[in-house]
């Protein structure tokens, strides 16, 4: 039987329940389906807690990413607080793990890349998840979507919330949190490492122990390595599970880039046999352990794109990949303790059919008090606008506040002319009729990587080309190759790991070419699809400005069209002047790499 929730929603069947509350299916007044997480009464008896919840709604409602379960609204009605979010019907990762026992290494990397990308978006918004575990990853078909990213730091404001979260997820908690330290993005990365370990072999590294024994082991022991986990995947897991937060990767997006690049490498790796008990943990005081640095500086050149800019760091700060360790040695300084105490997410554990569970914005219900015996702050809601307001020029959070009751989707676009985070376009346009959804294009400042700093996966440029001159103009950061009228088709290919949005350069035949009649044909391919094909004659600069969003492999190819065939192999160069790869902070690998 359906039950009204506020003035806009109706609750249907219960999908699951856990320590933080219950999840229901339901719909809005237009019949659109959502999932609703109704928090336990004890958690919302504190009016200050609910007031804080409402203050943070613009951040939580504004978070959108393909690997996140979107939060659309927050309903406060009397003593009820409910979070309105996407309804994802595929069940959670726990259900899949229960059915399959363990997953193929390539699938572990693929799912891990999606969860890490979601954490990158959460961290960039200044939020720490605090409860990364299989129950909080919903499977939308084959796409992993992280949920419950908006409630834990509020729940931990109450003793009940802290106790519930602590009991719910000790297996995934970072060591520093058990010491009462503040949760950070590094705490989430530790939990992600435990989650991926479990996907590999079916158990967490300290399974079978009491809650307090697990906490001690997170602090004092390294996880044992399950037999059969491929070296390159184990390197990433061990890095994530480092005891000290400073020894873990510096950003979730870096982890996403690494794991995404590993998927193809791991395609032929067999299933790791599922375990019922984990390998024995390795005490940190064992000879040689606890003092050895596991991951130091990156070996040049890196094997794959592993250095990225952390969303929480200034532009230009990079991190390095783990070094390869010898088989059988787990050398890491791990920081492992519970992440629930300082800021756990919903220790709520929905059933396999449970819908998502993030947070949301206030509804159009009347002002409501939360605690019956205390003077609670009233919650005044804003009516949904009938026509689209003009939100261009506003910061994203302010634009979202001007659109109550409307699902906002965002598209990031590189734009150097507007302040970072400013809305530069909207659909519908200002003054147009407004529906249930609005798309906002948000300006982002580009991060730049010069192509000459990368290492091609195949092919090579001439080492002598650094600067180029095309039609009398000088270009720095050039790449080039010696060519002649007899040059057949050749090319250079990069693995850019889906981390860039644009590729720009000026193509030309260098002014110092011996053959002034030379004309080359330049082609660019994105994952095998041709996106550029133009002739490049001597003396004429040819601009290159290409959209490479979502591209894994970028191939640049050339061949001679015409020229003096009697002049061969004598210092004529096809060049790309100031060749730049542009992307968004948090997405960009430090350089394209040699990954094959």
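Structural remarks
- Candidate set from the stretch 467-481 (those that are surrounded by 12 or more Cβ atoms within 10 Å (Cβ to Cβ) and assigned to a loop (DSSP other than H, G, I, E, B)); member that is modelled with the lowest pLDDT: 467
- Only residues that are over 27 Å from the mean Cα position of the chain (by Cα) and either more than 16 Å from residue 193 (Cα to Cα) or in a loop (DSSP other than H, G, I, E, B) (or both) were counted across the stretch 216-227, and they come to 4.
- Residue selected from the stretch 228-257 under the condition closer than 19 Å to residue 183 by Cα and assigned to a loop (DSSP other than H, G, I, E, B), by the criterion nearest to the chain's Cα centre (by Cα): 251
- The single condition among (1) in contact with a strand residue (DSSP E or B) (Cβ under 9 Å, 6 or more places away or on another chain); (2) modelled with pLDDT under 90; (3) more than 17 Å from residue 133 (Cα to Cα) that residue 151 does not meet is (3).
- Looking across the stretch 426-448, the residues that are more than 14 Å from residue 387 (Cα to Cα) and either more than 30 Å from the chain's Cα centre (by Cα) or at pLDDT 85 or above (or both) come down to 439, 440, 441, 442, 443.
- Residues that are without any contact (Cβ under 8 Å) to a residue 60 or more places away in the chain, crowded, with 16+ Cβ neighbours inside 10 Å and more than 28 Å from the chain's Cα centre (by Cα) number at least 3 in the following strands (runs of 3 or more DSSP E) confined to the stretch 523-562: 529-537.
- Subset tally (residues that are in a helix (DSSP H, G or I) and at pLDDT 90 or above) for the stretch 187-212: 15
- Candidates 451, 518, filtered to the one that is out of contact with any helix residue (DSSP H, G or I) (no Cβ under 9 Å at 6 or more places or on another chain), crowded, with 22+ Cβ neighbours inside 10 Å and under 30 Å from residue 264 (Cα atoms): 451
- Scanning the stretch 245-261 for residues that are within 17 Å of residue 551 (Cα to Cα) and touching a helix residue (DSSP H, G or I) at 6+ places or on another chain (Cβ under 7 Å) turns up 253, 256, 258, 259, 260.
- Exactly one residue among 207, 174, 227 is touching a residue at least 12 places away in the same chain (Cβ under 8 Å), surrounded by fewer than 24 Cβ atoms within 10 Å (Cβ to Cβ) and touching a helix residue (DSSP H, G or I) at 6+ places or on another chain (Cβ under 7 Å), and that residue is 207.
The values are calculated or read from the model by the stated rules, or taken from the named source; none is laboratory data. Predicted, not measured: the structure shown is a model, and the values here were computed from it. All Cβ positions, glycine included, derive from the backbone under ideal geometry; neighbour counts span all protein chains shown.
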